[in-house]
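These notes are about the structure you will find just below.
The values are calculated or read from the model by the stated rules, or taken from the named source; none is laboratory data. As the structure is a computational prediction, the values presented were derived from the model and not from experiment. Reconstructed Cβ throughout: ideal geometry from the backbone, glycine too, with neighbour counts over all protein chains shown. Surface areas here come from the heavy atoms of the whole protein model, side chains and all, with no ligands, DNA or RNA. Shrake-Rupley method; radii C 1.70, N 1.55, O 1.52, S 1.80 Å.
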Amino acid sequence: YLKSNKIHLVDSQSATLGIAAQVYEAIKMRDAGMAAEEIVEELRSLQSKQKLFAILETLKYVKMGGRLSATKAMVGSILHIRPVVMIQEGRVILVHLAKGSKNALRWVYDEVSKSKIDYGRKIFVGHSRHPAILTSFVEQLKDKVPRACYDIWELGITMGTYGGPGLVGITYFEK
């Protein structure tokens, strides 16, 4: 418990990229003159509108972290399975299994293009040590969602540890 009205703790219910998007929004609100309590309330409201998808290029790190058995990891690797996860209410949820990176990317593009994106806010995209994948990802996203403003990030150690090199993610807010 903090005995200060100058510090407000907000559980982002997200990960690196999602946290960055929320901090960016909080800074905009602060700069617009909103009070800290109003910013906290608005951030909590925005969390229910935030979508975050990530594509794992390899199952190796999920297996190493104990979240997948060696057998499933081996079979998934042989079949070139690329999991697509999302963060929902602070939890990582498997939402799709694709055969190959292109199919995983296509699935995410379709999900993003079906969304009612809030174009008044940036779309954040990021990668874990694989800028070539990110460049292709963003180029194709711009074809599907041309009106958006994109902010590009290299993901931090938490996402890199969870998903390994080649992980690509996107987060945005819906209306």
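Past 31 Å, Cα to Cα: identify those pairs from Lys28/Lys144; Lys60/Lys116; Lys6/Lys122; Lys28/Lys114; Lys49/Lys144, in the order given. From the list (Lys28/Lys144; Lys60/Lys116; Lys6/Lys122; Lys28/Lys114; Lys49/Lys144), the Cα-Cα distance tops 31 Å for Lys60/Lys116.
Backbone amide hydrogens, once placed in the peptide plane, bring Ile123 within less than 5 Å of Cys149, Tyr150, Asp151, excluding anything fewer than 5 places away on its chain. A protection proxy built from the mean count of other Cβ atoms within 10 Å ranks the segments 127-134, 109-116, most packed first, as 127-134, 109-116.
Tell me, what is the per residue accessible area of the range 1-54 in Å², probe radius 1.4 Å?
Working: 3400 Å² over 54 residues.
Each residue of the range 1-54 exposes 63 Å² on average to a 1.4 Å probe.
Computing Rg and the Kirkwood Rh from the Cα coordinates of the chain gives a ratio, Rg/Rh, of 1.00.
Net length available on complete extension from Ser69 to Glu111 is 12.3 nm, with 0.36 nm assigned per residue and the Cα-Cα distance removed. In a simple Cβ point-charge model (Lys, Arg +1; Asp, Glu -1; nothing else charged), the chain has a dipole of about 540 debye relative to its Cα centre. Surface exposure of the range 106-156, expressed per residue as accessible area with a 1.4 Å probe, stands at 56 Å². Quick check: at a probe of 1.4 Å, how many percent of the accessible area of the range 8-122 sits on carbon and sulfur atoms? The nonpolar share, carbon plus sulfur, comes to 54 percent. Would you be so kind as to identify which of Ala35, Ile87, Leu59 lies farthest towards the positive end of the dipole of the range 27-175, taking Lys and Arg as +1 and Asp and Glu as -1 on Cβ and the Cα centre as origin? So the residue furthest toward the plus end is Leu59. Considering helices alone, the calculated mean residue ellipticity of the chain at 222 nm is -13500 deg cm²/dmol, with DSSP H runs of length four and up weighted by -39500 (n - 2.57) and normalised per residue. A simple spin-label model places the labels of Glu37 and Glu154 4.2 nm from each other, with each point 7 Å out along Cα-to-Cβ.
Note on Arg44 and Lys144: the extension gain reaches 33.2 nm, defined as 0.36 nm multiplied by sequence separation minus the Cα-Cα distance. Comparing Cα centroids, the range 125-175 and the range 53-90 end up 18 angstrom apart.
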